[in-house]
Amino acid sequence: MSGDDRLRGSLPELWGGVECTVNRVGDRSFSQLERSGHDRRIEDLELFAALGIRALRYPVLWETTAPGDPARADWSWADARLARLRALGVRPIVGLLHHGSGPMDTSLVDPDFPARFARFARAVAERYGDAIEDYVPINEPLTTARFSGLYGHWYPHARDDAVFARAL
């Protein structure tokens, strides 16, 4: 192996990420995927690949995929996009909760939240098996807990150290 070949193998990969926050304010959720239009444009994935991105943080979000029982999940959006990423040679880094507090009937401080989230995470792992190697189960948990439990911006809109600690 020449020195050039060894160097090429050690070059850093270009990674990217799709902003996919679903934050709840009051009784309304705001999806960055909807606001950007990416939720309707699978062809965006070709643009990411054309940039040379080799790995992409990509959402399979609890709030949109399986807001109720994971046995009734709608995998169609995620299936199509993860398949397209694989076809493009882009490794997905799957995010399950991104600056959110889960489906509308729960929150970060709900005692059932951990078990429900674990059921969703298990359903994702079972569905995609070896096709997905990398996950970000909860993106930036400290930021999410601060905005939800300490600053009061996101649901449950608390400004309380104990709520912040519980959310975290």
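The values are calculated or read from the model by the stated rules, or taken from the named source; none is laboratory data. Keep in mind it's a predicted model, so treat the numbers as computed, not measured. Positions of Cβ are generated from backbone atoms using ideal geometry, with glycine treated the same way; all protein chains shown enter the neighbour counts. The accessibility values were calculated without ligands, DNA or RNA, using every heavy atom of the protein model including side chains. Shrake-Rupley method; radii C 1.70, N 1.55, O 1.52, S 1.80 Å.
Please go through the range 89-123 and pick out each residue that is among the aliphatic types (A, V, I, L, M), open to solvent by less than 40 Å² (accessible area, probe 1.4 Å) and over 19 Å from residue 21 (Cα atoms).
90, 123
Restricting the range 86-102 to residues that are under 12 Å from the mean Cα position of the chain (by Cα) and part of a strand (DSSP E or B), which is nearest to residue 30 (Cα to Cα)?
98
Only residues that are surrounded by 17 or more Cβ atoms within 10 Å (Cβ to Cβ) and in a loop (DSSP other than H, G, I, E, B): list them for the range 124-156, please.
Of everything in the range 124-156, those that are surrounded by 17 or more Cβ atoms within 10 Å (Cβ to Cβ) and in a loop (DSSP other than H, G, I, E, B) turn out to be 132, 154, 155, 156.
Please tell me if residue 134 is out of contact with any Ser or Thr (no Cβ under 8 Å at 6 or more places or on another chain), farther than 21 Å from residue 68 by Cβ, touching a residue at least 60 places away in the same chain (Cβ under 8 Å) and not hydrophobic (A, V, I, L, M, F, W, C).
Here the answer is yes, as residue 134 does meet what is asked.
Filter the range 19-60 down to residues that are out of contact with any His (no Cβ under 6 Å at 6 or more places or on another chain), hydrophobic (A, V, I, L, M, F, W, C), in contact (Cβ under 8 Å) with a residue 12 or more places away in the chain and within 29 Å of residue 151 (Cβ to Cβ), then give me how many there are.
Residues flagged as out of contact with any His (no Cβ under 6 Å at 6 or more places or on another chain), hydrophobic (A, V, I, L, M, F, W, C), in contact (Cβ under 8 Å) with a residue 12 or more places away in the chain and within 29 Å of residue 151 (Cβ to Cβ) within the range 19-60 amount to 4.
Cβ-Cβ distance below 8 Å, separation of 6 or more or different chains: which pairs start in the range 90-105 with a residue that is touching a residue at least 60 places away in the same chain (Cβ under 8 Å) and on the phi > 0 side of the Ramachandran plot and end on one that is charged (D, E, K, R) and open to solvent by 10 Å² or more (accessible area, probe 1.4 Å)?
Note: pairs meeting the criteria are 99/140.
If I ask for residues that are loosely packed, with under 13 Cβ neighbours inside 10 Å and part of a helix (DSSP H, G or I), which ones from the range 48-82 would you list? Steps first, please.
From the range 48-82, those loosely packed, with under 13 Cβ neighbours inside 10 Å are 50-52, 68-69, 71-72, 74, 76, 80; that's our starting set.
Passing the criteria: 50, 71, 72, 76, 80.
Being crowded, with 17+ Cβ neighbours inside 10 Å and in a loop (DSSP other than H, G, I, E, B) is the filter here; which residues of the range 158-168 pass it?
The one that is crowded, with 17+ Cβ neighbours inside 10 Å and in a loop (DSSP other than H, G, I, E, B): 158.
Taking the range 21-47 only, how many residues are surrounded by fewer than 17 Cβ atoms within 10 Å (Cβ to Cβ) and part of a helix (DSSP H, G or I)? If you could, list the steps in order and put the result at the bottom.
Of the range 21-47, the ones surrounded by fewer than 17 Cβ atoms within 10 Å (Cβ to Cβ) are 25-28, 30, 34-37, 40-44, 46-47.
Narrowing further to those that are part of a helix (DSSP H, G or I): 34-36, 40, 44, 46-47.
Going through the range 21-47 one residue at a time, the tally reaches 7.
For the range 118-165, how many residues are within 22 Å of residue 28 (Cα to Cα) and among the basic types (Lys, Arg)?
Of the residues in the range 118-165, 2 are within 22 Å of residue 28 (Cα to Cα) and among the basic types (Lys, Arg).
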